[in-house]
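Below is one structure; the comments refer to it alone.
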Amino acid sequence: MTSSTNKPISANQYPTPPFKRQHQAFPGLASEMNPKPDHGEESYQGNGRLDGRKALITGGDSGIGRAVAIAYAREGADVAINYLPDEEQDAAEVVRLIEAEGRKAVAIPGDIRSEEFCQQLVNQANEKLGGLDILVNNAGRQQYNKSIRTLSTEDFDATFKTNVYAMFWITKAALEYLPSGSSIINTSSVQAYEPSAILLDYAQTKAAIAAFTKSLAKQLGEQQIRVNAVAPGPYWTALQVCGGQPPEKIEQFGATAPLSRPGQPAEIAPLYVTLAETANSYTSGQVWCSDGGTGTL
Ligand code: NAD
Ligand code: MG
């Protein structure tokens with residue numbers, strides 16, 4: 001259950017470390033994780049906060065993106081999701097969940113490291129949804145590497161293409177369609193501010209996302225298009241178990257957070273709802289953090 005039920009969270013409501021050591025090949029599936037992440041499937045209750053809105057969410061098949069897709073549909077939005085073709089199984093579940101709310105679901109698989117695909121993705125989402133007024137740039141690549149000496153140009157390039165270039169290409173394409181009052185939300189990370197030694201390339205991209213967010217918010221303010229970011233701390237998602245962390249770190253994942261556990265994707269989706277909704281129309285250029293209590297940001 002999430003806090004959207006308004007019942008206080010109980011001490012044993014969410015899984016705590018130690019976790020079973022586990023590894024999946026990239027990009028991983030939420031359905032294969034142990035324990036399975038909570039994306040709000042059983043708990044998120046909508047209240048019409050995004051009635052009639054039209055959202056494109058990258059990485060919408062699993063993890064944070066899936067939790068946002070479920071929340072948006074339950075708040076009344078039609079939703080297009082992008083993901084990699086290998087993630088069709090996770091994506092199909094999300095499509096079912098969106099349609100169960102009576103909302104339109106559009107599934108657009110493809111690799112966002114291609115500028116041409118990014119343009120097709122936005123065009124298709126706009127055409128199939130009949131417009132676009134929320135863009136969530138959430139897809140991300142995180143592959144740990146212990147040394148700059150072993151970090152290859154190919155890896156560095158793949159991380160920057162997925163996390164930075166794709167956000168630039170998709171946002172640029174979306175601006176052809178986003179009307180005044182639209183909201184762009186990017187997924188940054190606490191890594192932007194407190195970079196780990198083993199995430200040299202990833203942490204830089206997350207800092208770039210925070211700067212992109214603040215700069216673009218200044219460009220688009222006059223058009224009343226808001227641009228914000230969310231900076232998650234440790235969240236229990238496929239990204240972490242398919243090369244995001246060394247397997248031994250997965251066993252203790254989230255243990256050092258003051259809340260003594262990782263967050264579940266359902267616990268961060270409400271931030272994306274708030275940043276998207278019209279009621280929050282004076283907030284732009286912000287990076288909102290949810291990291292289990294460090295107070296760092
Ligand atoms: P996730 O693995 O469930 O989602 C990431 C998604 O990115 C994948 O599902 C995949 O669809 C997509 N993706 C990756 N490479 C792609 C490509 N080349 N083309 C198209 N799609 C691609 O994991 P998540 O943790 O929910 O990740 C969502 C976002 O949250 C990412 O930007 C990640 O960096 C960020 N984040 C996660 C954490 C965490 O602890 N889980 C912490 C901070 C930030
Ligand atoms: Mg996935």
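For the set Leu216, Leu239, Leu200, the ranking by accessible area, highest first and with no ligand, DNA or RNA atoms included, is Leu200, Leu239, Leu216 under a 1.4 Å probe. Given a Förster distance of 51 Å, report the FRET efficiency between Asn47 and Ser152 from their Cβ-Cβ distance, rounded to the nearest 0.05. Calculated value: 0.60.
When only alpha carbons of the stretch 62-218 are considered, Rg and Dmax amount to 16.0, 51 Å. Only helices enter this figure: runs of n ≥ 4 DSSP H residues, each worth -39500 (n - 2.57), summed and divided by the residues of the chain, yield -9500 deg cm²/dmol at 222 nm to the nearest 500. Residue ranking by accessible heavy-atom surface, 1.4 Å probe, largest first, among Thr294, Thr274 comes out as Thr294, Thr274. Here the calculated FRET efficiency for Asn6 and Glu88, from their Cβ-Cβ distance with R0 = 30 Å, stands at 0.25, rounded to the nearest 0.05.
Surface composition of the stretch 131-191: carbon plus sulfur atoms hold 52% of the accessible area, using a 1.4 angstrom probe and ignoring ligands, DNA and RNA.
Per residue, the accessible area of the chain comes to 43 Å² when a 1.4 Å probe rolls over the protein heavy atoms. Total lysine pairs in the chain at Cα distances under 17 Å, for residues eight or more apart or on different chains: 11.
Evaluating kT/(6 pi eta Rh) at 20 °C and 1.002 mPa s, with the Kirkwood radius of the chain over Cα pairs in the Stokes-Einstein relation, gives 113 µm² s⁻¹. The share of alpha-carbon pairs in the stretch 54-126 lying farther apart than 21 Å comes to 16%. Extension gain for the segment Thr274 to Gln22, taken as residue separation times 0.36 nm less the Cα-Cα distance, is 87.4 nm to one decimal. Asp86 exposes around 120 Å² of accessible area when a 1.4 Å probe is run over every protein chain in place. Globularity index of the stretch 108-179 is 1.29 (Cα radius of gyration / 2.2 N^0.38 Å, N = number of residues). Summarising the label geometry, the points placed 7 Å from Cα in the beta-carbon direction at Ser114 and Lys218 lie 3.6 nm from one another. Taking every C-alpha pair closer than 8 Å and separated by at least 6 residues, the mean separation divided by the residue count of the stretch 182-221 gives a relative contact order of 40 percent. Computed with a 1.4 Å probe over protein heavy atoms only, the accessible area of Lys54 comes to about 50 Å².
The values are calculated or read from the model by the stated rules, or taken from the named source; none is laboratory data. Computed from a predicted model, the values in this text were never measured in an experiment. Reconstructed Cβ throughout: ideal geometry from the backbone, glycine too, with neighbour counts over all protein chains shown. Remember, those area values only see protein heavy atoms, side chains included, never the ligands or the DNA or RNA. Shrake-Rupley method; radii C 1.70, N 1.55, O 1.52, S 1.80 Å.
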